[in-house]
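The values are calculated or read from the model by the stated rules, or taken from the named source; none is laboratory data. Note that the structure is a prediction, hence the values are computed from the model and not measured. Methodologically, a virtual Cβ is constructed for each residue, glycine included, from the backbone with ideal geometry; neighbour enumeration extends over all protein chains shown. Quick note on the areas: whole protein, heavy atoms, side chains included, nothing else; ligands and nucleic acids left out. Shrake-Rupley method; radii C 1.70, N 1.55, O 1.52, S 1.80 Å.
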Amino acid sequence: MLSLNNVEVIYNDVILVLKGLSLKVEQGQIAALLGTNGAGKSTTLKAISGLLHPEDGEVTDGNVEFEGVQIDKLPAEDIVRRGIFQVMEGRRVFEHLTPQENLLAGAYTARDKGGTDEALERVYGYFPRLEERGNSMAGFLSGGEQQMLAIGRALMARPKLMLLDEPSLGLAPLLVQEIFEIIQRINREEGTTILLVEQNATRALEIAHYGYIMEGGRVVLEGTPAELQDNADVKEFYLGLTQVGQRKSYRDVKHYRRRKRWLS
Amino acid sequence: MDSDVFLQLTVSGLSNGMVYALVAVGFVVIFKASDVINFAQGEFLLFGAYLAFAFIAQFGLPWSLGVLATLLTAAMIGLIVERLVLRPLIGEPVISMIMVTIGLSSLLRAVVNGIWGVRPKAFPNFIPSGEVEFLGAIVGFDRLLVIAIAAILLTVLTLFFRYTRDGIAMRAIADDQQAALSMGISIKRVLAVAWAMAAITAAVAGIMLANTVGVSHDIIFIGLRVFPVVILGGLDSVPGAIVGGGVIGLLESYTAGYTTSGLELIVPYIVLILVLMVRPYGLFGKEIIERV
């Protein structure tokens, strides 16, 4: 459905952030994109959704294809119309709008009024709490509710592919679980394909069908969640476990040696 | 205190205030859509007045067609300004956009000078000059017309911002431009609509002003008077623009009526300073939301 082929992204004409990144997302699946801070995960999502342009970023090599069409030169609004919707990192709700107005803003590209009402119903089905918050401004919602609103906004556009950038950021463990369950439901019930960027590797691999691990602007490892969970390096660096299932002591020198091999 | 004088001052203050409100509404629309403070709003007024003068007095169109042509041309100018000046700055810091409107104001003023010269012109008198007596005060038709237009605009704009797709999109853009972009909201389209709306309301106000003060550069100074109005009412509030306009108009009128020293010229700015100290987001402006 979506494929990135050797994508290179440069910010401000000088800063090389993605260095030949390739990945594929299959229709109907949840793909997880994992990696440390600064690996280029968010940049990858923005390269897909067209949000690079206002940040002076540019795809300088390779291409992004969605349903067989090259989309990396298109403006963000055209990409949304084609069915890709990015839920940005840090929720980014419209603080001075009510939850319902936020949702309507999400339906900006949807043309018919009847469809919008139906979409509202559906979002309130997933997130009844948003309906309860009625007329208060979205800026006063709790962090969890704001994340729900951000995902609800995406649902309003009925996208074929949803890009989620760290939906668990800054949320309590119980809420993280709730959000991930809903992501899984959206994937199953709406048939929405999802590309999920996460720091919380354990949780992400639980719901994903396929996973990619990024370091320094390229994919260094990929596989099914089972394969990734079995990989010694992943266990150590992302799941925080050693082979015997205990927490790793970071005094161990070997840790750094192996890490160095990854980064080169 | 003479109650007739008081009533007369109230009515003239209110109707002046509604002209301010009309100017302020255009200002508010742009601020709501983009957080940009448009320093060229006074020049938009000027353009509206001169365009009406040109269409009605110079080309001899009947006033209904002349007003229509003025509003259409004003909308076109708004669109052109957005396309050539503001659009290249989308995504840049808001302060750049604000600075560019200062440049824009000089440019527009120069264009007006270039076309029509700097001498004041007589405005074609098409607004009926009759008057009615209202509770013992005498009110001109033109004043009543201003109040009616302000009321209609307030209603239409309030509904627009609350219920229409573009209205909600405008407020969304003002809150978080990038997030708005991420949901396919066309910032270009919405900004274009905002500037066209601002230019149209300014043209309406320009025509009303030209009718009372004549077609001259003095109109720009009325444009300056909107700053106290919008600061008092709240930069992003349409009802705030109307209330702020009314309050400033009344204050000016009372100080002019009951004091002798030209104090009414500075009263609005004293209000401006006080509001900024006590309630910087104005009476109806949006508060900055901080979650702790």
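The residues listed here are A:Arg122, A:Arg133, A:Arg218, A:Arg185; of these, the one that is charged (D, E, K, R), closer than 22 Å to A:Thr44 by Cα and either in contact with a Lys or Arg (Cβ under 9 Å, 6 or more places away or on another chain) or surrounded by fewer than 20 Cβ atoms within 10 Å (Cβ to Cβ) (or both) is A:Arg218. Is there a residue in segment B:49-60 that is under 19 Å from B:Ser186 (Cα atoms), touching a residue at least 12 places away in the same chain (Cβ under 8 Å) and under 16 Å from the mean Cα position of the chain (by Cα)? No: segment B:49-60 contains no residue that is under 19 Å from B:Ser186 (Cα atoms), touching a residue at least 12 places away in the same chain (Cβ under 8 Å) and under 16 Å from the mean Cα position of the chain (by Cα). Within segment A:24-65, the residues that satisfy the criterion of being more than 13 Å from chain B (Cβ to nearest Cβ), touching a helix residue (DSSP H, G or I) at 6+ places or on another chain (Cβ under 8 Å) and not in a loop (DSSP other than H, G, I, E, B) are A:Ile30, A:Ala32, A:Leu33, A:Leu34, A:Gly35, A:Val59, A:Val64.
In this structure, B:Ala75 qualifies as within 27 Å of B:Gly234 (Cβ to Cβ) and at pLDDT 90 or above. Does at least one position in segment B:50-58 carry a residue that is closer than 28 Å to B:Thr155 by Cα, aliphatic (A, V, I, L, M) and buried (at least 17 other Cβ atoms within 10 Å of the Cβ)? Yes, segment B:50-58 has at least one match. Restricted to segment B:155-171, and to residues that are open to solvent by less than 50 Å² (accessible area, probe 1.4 Å) and farther than 30 Å from A:Leu161 by Cβ, which residue is nearest to the other protein chains (Cβ to nearest Cβ)? So, considering only residues that are open to solvent by less than 50 Å² (accessible area, probe 1.4 Å) and farther than 30 Å from A:Leu161 by Cβ, the one nearest to the other protein chains (Cβ to nearest Cβ) is B:Phe161.
For segment B:86-105, enumerate the residues that are at pLDDT below 90 and more than 20 Å from B:Leu181 (Cβ to Cβ). The answer is B:Ile98, and nothing else. The set of residues from segment A:111-127 being of a type outside the set (Ser, Thr, Tyr) and either closer than 19 Å to A:Phe94 by Cα or within 14 Å of chain B (Cβ to nearest Cβ) (or both) comprises A:Arg111, A:Asp112, A:Lys113, A:Gly115, A:Asp117, A:Ala119, A:Leu120, A:Val123, A:Phe127.
Out of contact with any helix residue (DSSP H, G or I) (no Cβ under 6 Å at 6 or more places or on another chain), open to solvent by 30 Å² or more (accessible area, probe 1.4 Å) and of a type outside the set (Asp, Glu): does that describe B:Val243? No. Candidates in segment B:172-184 are the residues that are part of a helix (DSSP H, G or I), at the interface with chain A (Cβ under 7 Å from one of its Cβ atoms) and at pLDDT below 90; of these, the one that is surrounded by the most Cβ atoms within 10 Å (Cβ to Cβ) is B:Asp175. The set of residues from segment B:127-152 being open to solvent by less than 40 Å² (accessible area, probe 1.4 Å) and part of a helix (DSSP H, G or I) comprises B:Asp142, B:Val146, B:Ala150. Yes or no: segment A:140-154 includes at least one residue that is in a helix (DSSP H, G or I), within 13 Å of chain B (Cβ to nearest Cβ) and surrounded by fewer than 17 Cβ atoms within 10 Å (Cβ to Cβ). Scanning segment A:140-154, I find at least one residue that is in a helix (DSSP H, G or I), within 13 Å of chain B (Cβ to nearest Cβ) and surrounded by fewer than 17 Cβ atoms within 10 Å (Cβ to Cβ), so the answer is yes.
Considering each residue of segment B:102-111 in turn, none proves to be more than 14 Å from B:Ser12 (Cβ to Cβ), over 22 Å from the mean Cα position of the chain (by Cα), open to solvent by less than 80 Å² (accessible area, probe 1.4 Å) and not aromatic (Phe, Trp, Tyr). Take A:Gly90 and tell me if it is open to solvent by 10 Å² or more (accessible area, probe 1.4 Å), facing chain B (nearest Cβ under 10 Å) and in contact (Cβ under 8 Å) with a residue 12 or more places away in the chain. Here the answer is yes, as A:Gly90 does meet what is asked. Restricting attention to segment A:66-78, which residues are touching a strand residue (DSSP E or B) at 6+ places or on another chain (Cβ under 9 Å), open to solvent by 40 Å² or more (accessible area, probe 1.4 Å) and in a strand (DSSP E or B)? If the condition is that a residue be touching a strand residue (DSSP E or B) at 6+ places or on another chain (Cβ under 9 Å), open to solvent by 40 Å² or more (accessible area, probe 1.4 Å) and in a strand (DSSP E or B), then A:Gln70 is the only one that fits. Candidates A:Thr116, A:Thr109: the one that is of a type in the set (Ser, Thr, Tyr), surrounded by fewer than 20 Cβ atoms within 10 Å (Cβ to Cβ) and over 12 Å from A:Leu149 (Cα atoms) is A:Thr116.
The residues listed here are B:Ala180, B:Ala169, B:Ala150; of these, the one that is touching a residue at least 12 places away in the same chain (Cβ under 8 Å) and more than 20 Å from B:Ala203 (Cβ to Cβ) is B:Ala169.
Restricting segment B:229-275 to residues that are closer than 25 Å to B:Ala151 by Cα and of a type in the set (S, T, N, Q), the residue that is modelled with the lowest pLDDT is B:Ser237. If you filter segment B:82-101 down to residues that are away from chain A (no Cβ under 14 Å) and closer than 28 Å to B:Ala52 by Cβ, you find that the one that is surrounded by the fewest Cβ atoms within 10 Å (Cβ to Cβ) is B:Leu84.
Taking segment B:107-126 as the range and being of a type in the set (Phe, Trp, Tyr), farther than 30 Å from B:Val5 by Cβ and not in a helix (DSSP H, G or I) as the test, only B:Phe126 passes.
Taking the condition among the hydrophobic types (A, V, I, L, M, F, W, C) and touching a residue at least 12 places away in the same chain (Cβ under 8 Å), does B:Leu89 pass? The answer is no for B:Leu89.
Scanning for something among the small types (Gly, Ala, Ser) and within 30 Å of A:Met88 (Cα to Cα), does segment B:214-225 turn up at least one residue? Within segment B:214-225 (the criterion being among the small types (Gly, Ala, Ser) and within 30 Å of A:Met88 (Cα to Cα)), the answer is no, since none of the residues qualifies.
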